[in-house]
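Notes follow once the structure below has been shown.
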Amino acid sequence: MSTRGGSGGSTAAIPGAAADAVPARGRGPVVAALMLGMALAALDGTVVSTAVPQIVGDLGGFSVFSWLFSGYMLAVTVTLPVYGKLSDTFGRKPVLIAGIVLFLAGSLLCAAAWNMAALIAFRVFQGLGGGALQGTVQTVAADLYPMKERPKIQAKLSTVWAVSAVAGPALGGALASYADWRWIFLINLPVGVLALWLVGRHLVEPVREKSPTPVRIDWAGALCVFATGALLLTALVQGGVAWGWLSAPSLGLFAASAVLCGATVVVERRAAEPVIPGWVWRRRSISAVNLAMGALGLLMVAPTVFLPTYAQSVLGLDPVAAGFVLSVMTLSWPVSAALSNRVYTRIGFRDSAVIGIGLAALILLAFPLLPYPGHAWQPALIMLALGGALGLFQLPLIIAVQSSVGWAERGTATASILFCRQVGQSVGAALFGAIANATITSRLASAPLPGLPDDLDSVSRALAHPAGLSAEGADYLRRAVATAVGHVYVGAAVAGGLALAVLVLLAPRRFPVLAEHDGDTG
């Protein structure tokens, strides 16, 4: 992979490709494009979430508005493996350009939506572009930098997420309050057009030898992966919300996804160029990381989904202040990631990740020990420490996998990591949601007052407008929420323990690093 003005790619491990490192002066425009592309994906959820009241007030559809997020996430997740394979087959540049174009087209359609059903459909379309952005940006970043320098670009991309977490809610609220909610989608256009121009002008990929046989696209496998993921994620997202876990819709969706999963395995085994090739799971260095990243996705549900509820319902903070309690994690994470190379170059990728996830599990276990009702700085301090631990866990594993494969496999390998993390988040949202609601139900079974709400969402709404609650009832509900979120954090610590066990038992002590990275530790 090279840039205009550079001499070649640092990781062009394919026939006919140069293997010289890209000069630092030639990377700037492409790195800027990657950061802009990542900003499109990172800002999306945080900006939209704060504008939901205005959107619902204009378009209606309160009962289904959650699909503004679920539909987008579903489209991103199920397309990640497809885009990873396409980027290995046709190159990163066309996939990245296609992703930006799809995302911008989806943004324009969202701004023109006339009702909630149309907006949800356009959000799904936008997610088709988001899947290409998330996976391909990470792959191009690995192509641009040799292994020792990859923490630099990863720290920059992590900083984009950190800034988005802080600025996104404020930007979304300002646009919805002082302009119109449609501007939260239109604002994507100038950012995306600039990223598109930079990619088109400055990103030059390594020269590859032409294949003597026509390229075969595994469309059947892509369709099976898409359908399996769509049904499974729909079951996980809507289970316990739109219908019960043991209801006919849930059981039917899980059964259909299991059948399609079996069909996907059969199709992929027969395909000449499968979307999810078998080597992704046969190589311990990749399969172990995929499982660990799935556990990370599970773990991340506790702070990202339940901490804001805790901050507002238990600590009594407003939404903006609650967001800042969470955002401190995104400040320490990129710093830790940027410095992680000083650790893994000494002790190796696996041991660095083991230390990171071990610390994260202990930090998560500290959350239920917080005093009631406590102060905002206490959970914020825990999140600060958690971000530092997870930066030491995630980045070494990503770099390990990307450094263990050649150019022609890097897109698929990177997409598999992101795919497993996204699936883990979906499973975690369903699992921890059930744990939290079971705790609330159990606590309220012996409530001192009759007529109190009986699930986490209803309790949170009641505490947001406590006029109808007595002081005793409000305090009882706050304690119930604190207990429920504490149980979720214990579950997140268990997920961290699972990741630790996977790394110790399955991951190789030293990851295989390609010859082009000789001299670097694995």
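Quick note: the coordinates plus some simple rules give every number you see, no bench work behind them. All of these numbers come straight from a predicted model, not from anything done at the bench. When we count neighbours, we look across all protein chains shown, and the Cβ atoms used for this are built from the backbone with ideal geometry, even at glycine.
Using the Cα centre of the stretch 264-360 as the reference point, and only Cβ charges (+1 on K/R, -1 on D/E), how large is the resulting charge dipole? Debye, rounded to the nearest 20. Intermediate results must be reported in sequence, preceding the final value.
Working: 8 positive and 4 negative charges, 113 e Å.
Once rounded to the nearest 20, the dipole reads 540 debye.
Put in order of Cβ neighbour count within 10 Å, fewest first, the listed residues VAL494, VAL513 become VAL494, VAL513.
Would you mind ranking LEU80, LEU233 by Cβ crowding within 10 Å, fewest neighbours first? Provide the component values of the computation, followed by the final result.
Numbers: LEU80 28, LEU233 25.
Starting with the residue having the fewest Cβ neighbours, the order is LEU233, LEU80.
What residue among VAL459, LEU194, VAL95 has its Cα farthest toward the positive end of the dipole of the chain, where the charges are +1 on Lys, Arg and -1 on Asp, Glu, each on the Cβ? Sorting the options by dipole projection puts first VAL95. Work from the charge dipole of the chain (Cβ charges, +1 for Lys and Arg, -1 for Asp and Glu, about the Cα centre) and give the residue of GLY406, SER442, VAL48 farthest towards its positive end. The residue sitting farthest along the positive end of the dipole is GLY406.
Assuming a ≥ b ≥ c are the square roots of the Cα gyration tensor eigenvalues, decide whether the stretch 58-103 counts as rounded (a/c under 1.5), prolate (otherwise, with a/b larger than b/c) or oblate. In terms of gyration-tensor shape, oblate. Each helix, a run of at least 4 DSSP H residues, gives -39500 (n - 2.57); summed and divided by the residues of the chain, these come to -25000 deg cm²/dmol at 222 nm.
Sorting the segments 310-319, 378-387 by their mean number of nearby beta carbons within 10 angstrom, highest to lowest, gives 378-387, 310-319. What whole-number distance in Å separates the alpha-carbon centres of the stretch 124-168 and the stretch 271-333? A separation of 15 Å, based on Cα centres. Here Rg and Dmax of the Cα atoms in Å was calculated from the structure, and among (i) 22.7, 72; (ii) 22.9, 77; (iii) 26.3, 87 it sits at label (ii). Taking every alpha-carbon pair under 8 Å whose residues sit at least 6 apart, the chain reaches a relative contact order of 21 percent.
In terms of surrounding Cβ atoms within a 10 Å radius of their Cβ, SER257, SER352 rank from fewest to most as SER257, SER352.
Based on Cβ point charges of +1 for Lys and Arg and -1 for Asp and Glu, what charge dipole magnitude is obtained for the chain about its Cα centre, in debye rounded to the nearest 20?
1140 debye
About its Cα centre, the dipole of the stretch 54-186 is roughly 400 debye, where the only charges are +1 on Lys and Arg Cβ and -1 on Asp and Glu Cβ. Considering only GLY388, ALA75, TRP183, the residue lying farthest towards the positive end of the dipole of the chain is GLY388, judged by Cα position with unit charges set on Cβ.
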